[in-house]
Structure formats: C-alpha cells, structure tokens
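> Shown below is the structure under consideration.
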Amino acid sequence: MKTGEYEKATEQYKKWANKRKNTAEPYVALSIPYCIKNNYTKSAEYLKKAFAIDKESAKKAVLSYEKLLEVENYSWNTFYTGAKEFLEKEKLEIAESLIEEAEEVEDKKLKAMSYVLHGKISMRKKDMNEALDYLTKAIKLDKNNAEAYAYLGKVYTDQNKIEDAITSLEKAISKDPNSSLAHKLLGQNYLKQEKYNKAIETLEKASSMSTNDSTVLYNLAHAYLEKEDYVRASEVAEKILDLPEVETGTKAEAYILLGMSGIYTEKYSEAIEALKKAIEVDPGKCDSYQLLAHAYNKTGKISLSKEFSKKWEDCVAK
C-alpha cells in the first residue's frame, strides 16, 4: 500500500480474507486499494461486508486506515460514492443498502447529502412519498443544501404541483445559482404558468449550462413560439436537430415546431418540408398530419389537404 503497489496489496488482502472469512478487518483492508483506484463499486461492497460481519471491529479498522491514508470520513465517502455508482447502474437495492450505512455519519451536512441521495433512489423506485420524506429531512439538517431543494422541485414538478415546485426551485437557485437542474425545471414550470418571459430567461440560462439538453431546448423553442418570436423559435429548433443524439420523439417535435413557425410566418413551403420530415421521423405524432393539411390548404392544394386531414383522423383514432 505505502509503495503504491495496489494490485499486490489487493492480492495479499484477499488471501487474508480467505483465511479469516468471519473477521471484519480483512474486508475493510480490501476496500482501501479499490477506493484509491476510484473503484467505489468494489470498495463499497467490501466495506459493507466488513460492517455486516462485525460493525464495531470494522469501524476500528477504518479509523486505523484513516490515519494511514490521512483522510476523514472514509466510511461515509465509500458508502455514499458507492451508492451513487450503483444508482447509475440501476441496482437500487444495493444503492439503498449502502446509503443507509452512509446516513449513520454524525456530520449534519454529510448526513443531509446522504438523505438527498436516498431521496433520488426513492424517486427512481417511483416512491415519491418516501422521496419527499428524505428530501425534507435533508433540508431540516442543512437549509443551504441546494440539491435537496432542486430534487424537491423535481418531485413537485412530476406531481404537477407547479407553485410548490417553483418555490423549491427558486430556493435551489438562491443557494446555488449554477444549478442547471433547478434552472431547467423552473423554466419548465414557468412555461406551464404561461409566464413566457420568465421561462425564456430561465431556460436560456439552463441552456448555457447544458448545451446538449434537448428537453431544455425544446421548452425554450416552445416558449419563443408562444411569444410569437418565430425566428428565435426556429433557431432553437434547429439546434435540437444539430445535436449528436436526439430521441425520435424530440426530433419529430423539433420539426413540428419548425412547421408551426413556417405556418405562422406564411412560409408554407418550408412548413410543408419540415412537417413531412416530422412524419418520416415519427409517424405517430398526429399533430404533424393536421398541420400539414392546414399548410396544403393555405397553398391551395385542396386534395392533399383532404388526404392529410384523413390521415390525421386515422392517427387520432388509433
């Protein structure tokens, strides 16, 4: 360990663990080299095993390694980061078991961070009441935890509790002006309230923080469209289509936005071209047929207008 030969250290610690399978110390030791190499998945697994065998002995062993490594809160950091990695892998039961260990930390800010992560795990489990409970507990411990307010705002957004969402998200931004999640969700909720100026200001900020977020760009384009700024709406829709990876539905919606902008500005040829592409990308978007029928009608192509009106009716019937 001291000479940085972590693979050799791991090999020796594994031999130790094989000889002392019911002893906590070897598994604490095994967690260390994996932690140093930033493999928190394995590190957390071994530390969790040590705690399961004998928690008190494991804690004593951790203290000795903290002195060796000159670090603090080793257990919390390992369990917390391990839980994050398992959450990303959608292994929710393991993530939850690790974050429960992290929650035993005495430091209030670290405990609050643990509760926020537990809340995120609960959200992924679709248990919104549990998520609200953990996020609320986090805020009680640390009123400056911007992430807690941001995810509380996300829960309220998903529940369509717009006023509650806005209150939480505004608090998140007051604590952390660089929270891209809070700006994204706040702009989305302002859009629902038809506060287009506020929505645009907030979504522009979110877009500057995360340039490849198609959801932010779509909501921004929609806000400009509602404000009748069709040039800007089209520009933002084009940005969506230029992204390296865009979901089929979002790409179709971007083309629909271009089509609507074309219709409103009486550029019917451009609108027709965009709406045809929308149908090509996603034939299940019924609005494309209706708007295309309208565009053809405006250009005097009545038979084509009737044809796409019928396709719109068939699409809606499905």
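The values are calculated or read from the model by the stated rules, or taken from the named source; none is laboratory data. Here the structure is a predicted model, which means the values were calculated and not measured. Here the Cβ positions follow ideal geometry from the backbone for every residue, glycine too, while neighbour counts run over all protein chains shown.
> Scanning for something of a type in the set (Lys, Arg) and at positive phi, does the stretch 167-183 turn up at least one residue? Step through it out loud before you land on a result.
Within the stretch 167-183, the subset of a type in the set (Lys, Arg) is 171, 175.
Then keep just the ones that are at positive phi; that gives none.
No, the stretch 167-183 contains no residue that is of a type in the set (Lys, Arg) and at positive phi.
> Does residue 270 satisfy the condition of being among the acidic types (Asp, Glu) and either closer than 22 Å to residue 313 by Cα or assigned to a helix (DSSP H, G or I) (or both)?
Values: among the acidic types (Asp, Glu): yes; either closer than 22 Å to residue 313 by Cα or assigned to a helix (DSSP H, G or I) (or both): yes.
Criteria met by residue 270.
> Of all residues in the stretch 101-121, how many are in a helix (DSSP H, G or I) and surrounded by 15 or more Cβ atoms within 10 Å (Cβ to Cβ)? Before you say what the answer is, go through the steps one by one.
Start the filter on the stretch 101-121 by keeping residues that are in a helix (DSSP H, G or I), which leaves 101-102, 108-121.
Filter once more, so that each one left must be surrounded by 15 or more Cβ atoms within 10 Å (Cβ to Cβ): 101-102, 110-121.
Number of matching residues: 14.
> Could you grab me the full set of residues in the stretch 61-77 that are part of a helix (DSSP H, G or I), surrounded by fewer than 14 Cβ atoms within 10 Å (Cβ to Cβ) and without any contact (Cβ under 8 Å) to a residue 12 or more places away in the chain? It would help to see each step written out before you state the result.
Going residue by residue through the stretch 61-77, those that are part of a helix (DSSP H, G or I) are 61-69, 74-77.
Then keep just the ones that are surrounded by fewer than 14 Cβ atoms within 10 Å (Cβ to Cβ); that gives 63-64, 67-69.
The answer is 63, 64, 67.
> Report every pair of residues separated by at least 6 positions or lying on different chains whose Cβ atoms are under 6 Å apart, first residue within the stretch 4-19 and in the same structural domain as residue 36 (by TED's automatic domain parsing) and in contact (Cβ under 8 Å) with a residue 40 or more places away in the chain, second acidic (Asp, Glu) and in a helix (DSSP H, G or I).
Hits for this filter: zero, empty list.
> Which of the residues that make up the stretch 168-214 are under 19 Å from the mean Cα position of the chain (by Cα) and without any contact (Cβ under 8 Å) to a residue 12 or more places away in the chain?
177, 208, 211
> Pick from 80, 27: which is over 30 Å from residue 131 (Cβ atoms) and either in contact (Cβ under 8 Å) with a residue 24 or more places away in the chain or outside the structural domain of residue 130 (by TED's automatic domain parsing) (or both)? Walk me through it before giving the result.
Working: 80 fails: over 30 Å from residue 131 (Cβ atoms).
Answer to the selection: 27.
> Looking at the stretch 24-60 only, could you name the residues that are among the charged types (D, E, K, R), under 35 Å from the mean Cα position of the chain (by Cα) and surrounded by 14 or more Cβ atoms within 10 Å (Cβ to Cβ)? Write out each step before concluding.
From the stretch 24-60, those among the charged types (D, E, K, R) are 25, 37, 42, 45, 48-49, 54-56, 59-60; that's our starting set.
If we keep only those that are under 35 Å from the mean Cα position of the chain (by Cα) as well, we get 37, 42, 45, 48-49, 55, 59.
Correct list: 42, 45, 48, 49, 59.
> For residue 1, indicate whether it is aliphatic (A, V, I, L, M), assigned by TED's automatic domain parsing to the domain that holds residue 148 and touching a residue at least 12 places away in the same chain (Cβ under 8 Å). Working first, answer last.
Details: aliphatic (A, V, I, L, M): yes; assigned by TED's automatic domain parsing to the domain that holds residue 148: no; touching a residue at least 12 places away in the same chain (Cβ under 8 Å): yes.
Considered against the rule, which asks whether it is aliphatic (A, V, I, L, M), assigned by TED's automatic domain parsing to the domain that holds residue 148 and touching a residue at least 12 places away in the same chain (Cβ under 8 Å), residue 1 comes out as no.
> Select from the stretch 224-257 the residues that are out of contact with any Gly (no Cβ under 9 Å at 6 or more places or on another chain) and among the aliphatic types (A, V, I, L, M) and list them in ascending order. Write out each step before concluding.
Of the residues in the stretch 224-257, the ones out of contact with any Gly (no Cβ under 9 Å at 6 or more places or on another chain) are 224-229, 231-233, 235-248, 250-251, 253-257.
Of everything in the stretch 224-257, those that are out of contact with any Gly (no Cβ under 9 Å at 6 or more places or on another chain) and among the aliphatic types (A, V, I, L, M) turn out to be 225, 231, 233, 236, 237, 240, 241, 243, 246, 254, 256, 257.
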